[in-house]
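Student: Before I ask anything, let me first share the structure, which is written out below as structure tokens.
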């Protein structure tokens, strides 16, 4: 079976999107499928029409000249036209049995056009709704014409695709609620490659010293600083933590749109000596930073995006045997069994977050079971082999149908 994947962006860029993609592709290849991969103009400047990264060959699409300065609709139409041309060129060359377009909707609309032209079935994999991500990043509002337009485009694409894949039950329920038959929607759950994660090690003394963490209890977050991650709530919870546990400090590893706001919030609360901002660190160094942290915090705010979408971070924490607390948004509840694999607290409540962290820190007798249960969950349930197996019956049924 030959599959052409259409992607927003890919490795070597680092994001949850690219890591999930790479894991899916490797597992599909392990099943004996021939996978091909094409990235959109949003990959950025490309040096060649195709390049190999970590054993995977990616076809690239040239960026659209001056796209960043255009009006949004004009810019996006230009991106889709460029992508459609590239999809058609690559598809005519490799003659895939199936085109698999991944979020956002800007990728699937050109794919559907080419699929109709060449008689190739197109499936659509939704990792998040484009309109909801735009709301969080501040580029639109739920009551705006732009939001309604993007939602309508998403619904149109869902209905036109031969099949829809998504990452969790929350998104599946929303898709079915748009009038799509439940039999046309399959969940490919987020998972981890357990072998890629080593269990937590003792902290690196030199790294502790570099960041002034010796003798401290470290609460931490590693990732991108988006508003929905709720890091502002974590900063608000810190004074109560420090009052009860004077040895506590906060380690924030990464960067993103909210970095300046967070630093201003820390300064306003007089917590500069309690919060360490490391900036972004090289990917190969991330595990060393995880080992500096006693308890990870995932305080996502409650909003459509977080209620519907399951993240990777709690699964990665489980794979490494790390302790963590997470807000009780729907995306977390789908992954975390409270008191068994992690600790959940009431979303958007700094007081609840403070109490959850204190309860966990003050009961070390619960730590071994939490660590063992989390690791067992990803080893036996949330691994990529189990997730990718869900593609097989759909792929086979579609290729049989379209080969008649």
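Only the coordinates and a few stated rules stand behind these numbers; no lab work does. None of these values were measured; they are calculated from a predicted model. Heads up, the Cβs are rebuilt from the backbone with ideal geometry, glycines too, and the neighbour counts pull from every protein chain shown.
Student: Please work out whether the stretch 194-380 counts as rounded, prolate or oblate from its C-alpha gyration tensor, where a ≥ b ≥ c are the square roots of the eigenvalues and a/c under 1.5 means rounded, while otherwise a/b larger than b/c means prolate and anything else oblate?
Tutor: It is rounded, given that a/c, with a ≥ b ≥ c, falls under 1.5.
Student: If a/c stays under 1.5 just call it rounded; otherwise compare a/b with b/c (prolate if a/b is bigger, oblate if not). Do that for the stretch 322-388, with a ≥ b ≥ c from the square roots of the Cα gyration tensor eigenvalues. Before the final figure, lay out each step's value.
Tutor: On the way: a/c = 3.76, a/b = 1.44, b/c = 2.60.
It comes out oblate by the Cα gyration axes.
Student: Using the alpha-carbon atoms, what tilt in degrees (0 to 90, nearest 10) does helix 105-118 show relative to the longest principal axis of the chain?
Tutor: Approximately 20 degrees, to the nearest ten.
Student: Sum -39500 (n - 2.57) across every DSSP H segment of at least 4 residues in the chain, then divide by the residue count to get the 222 nm mean residue ellipticity, nearest 500.
Tutor: Per the formula, -13000 deg cm²/dmol.
Student: Label points 7 Å out from Cα along the Cβ direction at residue 77 and residue 242: separation in nm?
Tutor: Placing both labels 7 Å beyond Cα along the Cβ direction yields 5.4 nm.
Student: Using Stokes-Einstein with the Kirkwood hydrodynamic radius over Cα pairs, what translational diffusion coefficient do you get for the stretch 259-313 at 25 °C and a viscosity of 0.890 mPa s, in µm²/s rounded to a whole number?
Tutor: Approximately 175 µm²/s, per Stokes-Einstein.
Student: Applying 1/(1 + (r/R0)^6) with R0 = 41 Å to the Cβ-Cβ distance of residue 49 and residue 381, what FRET efficiency is obtained, to the nearest 0.05?
Tutor: The pair residue 49/residue 381 has a calculated efficiency of 0.55.
Student: Expressed as a whole number of Å, what is the distance separating the alpha-carbon centroids of the stretch 323-355 and the stretch 162-203?
Tutor: So the separation of the two Cα centres works out to 19 Å.
Student: So how far, in whole Å, is the C-alpha centre of the stretch 17-40 from the one of the stretch 89-104?
Tutor: Computed from Cα coordinates, the inter-centre distance equals 13 Å.
Student: Mind grabbing the base-10 log of I(q)/I(0) for the chain at q = 0.06, 0.11 Å⁻¹? Debye formula, identical points on the C-alpha positions, no solvent, two decimal places.
Tutor: -0.25, -0.85
Student: Pairs of Cα atoms under 8 Å, at least six residues apart: use those to get the relative contact order of the chain, whole percent. Write out the running numbers ahead of the final one.
Tutor: On the way: 698 pairs, mean separation 56.8, N = 404.
Relative contact order for the chain comes out at 14 percent.
Student: Compute the long axis of helix 259-268 from its Cα atoms, compare it with the longest principal axis of the Cα atoms of the chain, and write down the angle in degrees, 0 to 90, nearest 10.
Tutor: Relative to the chain, helix 259-268 is tipped by roughly 20 degrees.
Student: Most mobile of 324, 58, 277 per a Gaussian network model of the chain (Cα springs, under 10 Å)?
Tutor: Comparing 324, 58, 277 in the GNM, the peak value goes to 277.
Student: Nearest 10 degrees is fine. How inclined is helix 367-380 to the longest principal axis of the chain, computing both from alpha carbons?
Tutor: Tilt relative to the chain: about 10 degrees.
Student: Would you mind computing, in nm to one decimal, how far apart the modelled labels at residue 402 and residue 187 are, each placed 7 Å from Cα along Cα→Cβ?
Tutor: Each label point is offset 7 Å from its Cα along the Cβ direction, giving 2.6 nm.
Student: Which of the peptides 105-116, 222-233 is most tightly packed, and how do the rest follow, judged by the mean count of other Cβ atoms within 10 Å per residue?
Tutor: 105-116, 222-233
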